[in-house]
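In what follows, a structure is listed as structure tokens, so that the remarks can point back to it.
Every read-out reported here was derived from the displayed coordinates using simple, explicitly stated rules and does not represent laboratory data. Given the structure is predicted, the values throughout are model-derived calculations rather than measurements. Methodologically, a virtual Cβ is constructed for each residue, glycine included, from the backbone with ideal geometry; neighbour enumeration extends over all protein chains shown.
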Amino acid sequence: MKRILFVASECVPFVKTGGLADVVGSLPKAFDPEEYDIRVMLPNYFAIKEEYRCNTECIYYFQLDDRKYVGINRLIKDGITYYFIDNMQYFDGLVPYYDLFKDLERFAFFSKACLSALPLIGFRPDIIHCHDWQASLVPVFLNTQFQGNPFYRGIRTIMTIHNLRFQGTWNVGHIRHITNLPEECFQPGRLVSPFQNTSIRKDDWNCSMLRGGIVYSDYVTTVSYTYAQEIQTTNYGEGLDDILRFRKDRLWGIINGIDYTEWNPQTDRNLAKNYTVRGIKGGKRANKVALQKELGLAENPDVMTIGLVSRLTDQKGLDLVDKIMDRLCQMDINMIILGTGARNYEDMFRYYQNKYPAKVSANIRYSDALAHRIYGGCDALLVPSAFEPCGLTQLIALRYGTVPIVHETGGLKDTVKPYNQYEQTGTGFSFYGYSDWELMDRINHAYWVYNETPDQWMKLCQRGMKEDWSWKSSSQIYKQLYDRL
Ligand code: ADP
Ligand code: GLC
């Protein structure tokens, strides 16, 4: 039996801001519990849904370093053991993240508390699988401050990068202050770049927690094959391409899967009508009309309906969408947006809804239920991201027979096969150069196929539905990695 501990800052169904939560919530379930004992550690945020937070049981508490309280709360759900690291001073907010300055200290505390909790709960993992910068100090602490204790010797670590843009970066002085890490960690090439300008004071050097995770872990993975290549270039490397190239033999790109029980048009309770590959035509029409009704658009099953479900940030290619909205709204379409994030993008979509109320529905909020209905009721889903480590929305779209229109980058490139009308192959539409006219060109093509060759459109939807983007094959690759360690 292999023992594996996931350390992460979010996890479905407890707390979610993006795809990280989906992955941490669904990947552990893809393993045979007879062979792998996978447990998950999370912060005990006040933001965790009450139905879960109230049902955890405090199994231990202790004091960390300078007398900081750490409670360990446990909940067993669907066969998986979850531990919630409790400290109300750090995790009392209504959202999991505040501002970076505070978050650095909160997650440094979290990482250290996770390691310190292990002997108490009597769980000595063979492997600690750390997700994103919030957990990236775990390998660093493990290989420095915790090495004196025999309990921790021989524990292996994997650092999974879900998004290289977020690294937990501040200056050396502050990171040293909140972590107490030994001076060796702040040598150029460790938590700081090897190309440090040594003429400035060391305390002012930039220090990246995620770089630490990459340097100190045994293996590094990221969430698609293409992104694993991209991040080794200066364009996508976010200042860490040097270390990623250096560690390329230990860098694996493993594409994400989605939870096929949660995302299933055949059983989805949020939908007006459930459907299968064979019944897709009727299913789609019924769900589209129900969605139009819900959102106050004219009910018309024939109009091409394009969805966009996304965090509203620069990453997601919304600058391109801004440039094409006026042209798009000259066409006979509906555009349905669901998302929250940067104020400028939220206002941008409100503006277009105001300008084209009959065509655009801007839903500036977070809603799982509406997301399900958008995947079910739309004909196409737009994912024009500037970069996308994996992307889950296009996978969910495929599962629901909704045709993804994507930028060929990262996981989008690895999962959406471009439509070829001559060979009748492909599952979506994709554009190569990151420009508004290429995006517009691809939407035009999709629009034409939808309106002029509806039978072929249906086949396109069905090919997407028939693919398998569950964890079935990717969990095998994680297994190989776990076994290798
Ligand atoms: P990222 O993690 O970069 O945000 P992903 O595509 O990996 O992007 O995952 C996004 C996840 O969050 C998907 O499950 C998507 O359905 C969901 N999501 C994003 N925005 C919203 C929203 N406003 N309401 C409901 N779900 C959302
Ligand atoms: C990140 C990425 C996204 C990926 C998700 C889960 O949030 O932006 O592309 O799908 O993590 O790995």
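Report, in listed order, any pair from K29/K284; K29/K359; K49/K202; K2/K284; K49/K472; K293/K459 with a Cα-Cα distance greater than 32 Å.
K29/K359; K49/K202; K2/K284
Enumerate by residue number the chymotrypsin sites (Phe, Trp or Tyr not before Pro) in the stretch 414-485 meeting two conditions: DSSP loop (anything except H, G, I, E, B), and at most 10 other Cβ atoms within 10 Å of the site's Cβ.
On the way: sites: Y419, Y422, F429, F431, Y432, Y434, W437, Y447, W448, Y450, W457, W469, W471, Y478, Y482; in loops: Y419, Y422, Y432, Y434, W469, W471.
Listed in order of number, the matching sites are Y422.
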Among 110-119, 356-365, 132-141, 342-351, the order from most to least packed when residues are scored by Cβ within 10 Å on average: 132-141, 110-119, 356-365, 342-351
What does the stretch 280-468 give for Rg and for Dmax, in Å, if only its C-alpha atoms count? 14.9, 44
Students often get this wrong: which residues of the stretch 241-271 have the backbone nitrogen under 14 Å from the point 7 angstrom along Cα-to-C-beta of K293? 271
The chain -> Rg/Rh from Cα coords, Kirkwood Rh, value 0.98
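Tell me, what is the FRET efficiency for D326 and Q147 to the nearest 0.05, using R0 = 41 angstrom and their Cβ-Cβ distance as r? Could the numbers behind the result be given before it?
Numbers: r = 60 Å, r/R0 = 1.47.
So the FRET efficiency works out to roughly 0.10.
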DSSP bridge orientation in the stretch 336-485 - percent antiparallel, rounded to nearest 5: 10
What percent antiparallel are the DSSP beta bridges of the chain, to the nearest 5? 25
5 Å is the cut-off here: which amide hydrogens, built 1.01 Å from N in the peptide plane, fall below it relative to W252, excluding neighbours closer than 5 in sequence? V220, T221, T222
Checking the table K281/K413; K281/K355; K16/K77 against a 25 Å threshold on Cα-Cα, which pairs fail? K281/K413; K281/K355
Debye equation applied to the C-alpha atoms of the stretch 30-82, log10 I(q)/I(0) at 0.12, 0.22, 0.24, 0.26 Å⁻¹: -0.36, -0.92, -1.00, -1.08
Between the modelled labels at K29 and Q229 (7 Å from Cα along Cα→Cβ) the distance in nm is 3.3
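Just want to confirm a number: the relative contact order over the chain, from Cα pairs under 8 angstrom separated by 6+ residues, in percent. Can you show the working numbers first?
Working: 929 pairs, mean separation 55.3, N = 485.
About 11 percent, as a whole number.
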So what J values fall out for the stretch 113-128 if you push phi through Karplus, 6.51 cos²θ - 1.76 cosθ + 1.60 with θ = phi - 60°, rounded to Hz, Gly and Pro as x? 5, 4, 5, 5, 6, 4, x, 5, 7, x, 10, 10, x, 6, 9, 10
With Cα coordinates, the longest principal axis of the chain makes an angle with the long axis of helix 280-295, in degrees rounded to 10, of 80
Where both residues lie in the stretch 235-344, what percent of DSSP beta bridges are antiparallel, nearest 5? 0
Figure the gain on full extension for R3 and D66 (residue separation times 0.36 nm, minus the Cα-Cα span) and round it to one decimal in nm. 19.6 nm
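Going by a ≥ b ≥ c, the root eigenvalues of the Cα gyration tensor, does the stretch 52-144 fall in the rounded group (a/c under 1.5), the prolate group (a/b larger than b/c) or the oblate group? Could the numbers behind the result be given before it?
Working: a/c = 1.36, a/b = 1.09, b/c = 1.24.
In terms of gyration-tensor shape, rounded.
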Going by amide H atoms built from the backbone, whose H comes under 5 Å of the H on S385, apart from near neighbours? H407
Label 7 Å along Cα→Cβ of D203; the stretch 156-179 residues with amide nitrogen under 13 Å? 171-178
Given H placed 1.01 Å from N in the peptide plane, which residues other than close sequence neighbours of Y60 have an amide H under 5 Å from its amide H? I72
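How about the stretch 12-93: which trypsin sites (Lys or Arg not before Pro) there lie in a loop by DSSP and see at most 14 other Cβ atoms within 10 Å? If you can, show how the numbers build up before the last one.
On the way: sites: K16, K29, R39, K49, R53, R67, K68, R74, K77; in loops: K16, K49, R67.
In loop regions of the stretch 12-93 (DSSP not H, G, I, E or B), the sparsely surrounded trypsin sites (Lys or Arg not before Pro) are K49, R67.
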Counting other C-beta atoms within 10 Å, and keeping those with at most 12, which DSSP coil GluC sites (Glu not before Pro) do you find in the stretch 23-125? E34, E35
Between T267 and E423, what is the label-point separation in nm under the 7 Å Cα-to-beta-carbon projection? 3.5
Quick one: angle between helix 318-328 and the longest Cα principal axis of the chain, in degrees between 0 and 90, rounded to 10, please. 10
So, counting K/R as plus one and D/E as minus one, what does the shell of residues with Cβ under 15 Å around V289 add up to? +3
For F186, the net charge from surrounding residues (Cβ-Cβ under 10 Å; K, R +1; D, E -1) works out to 0
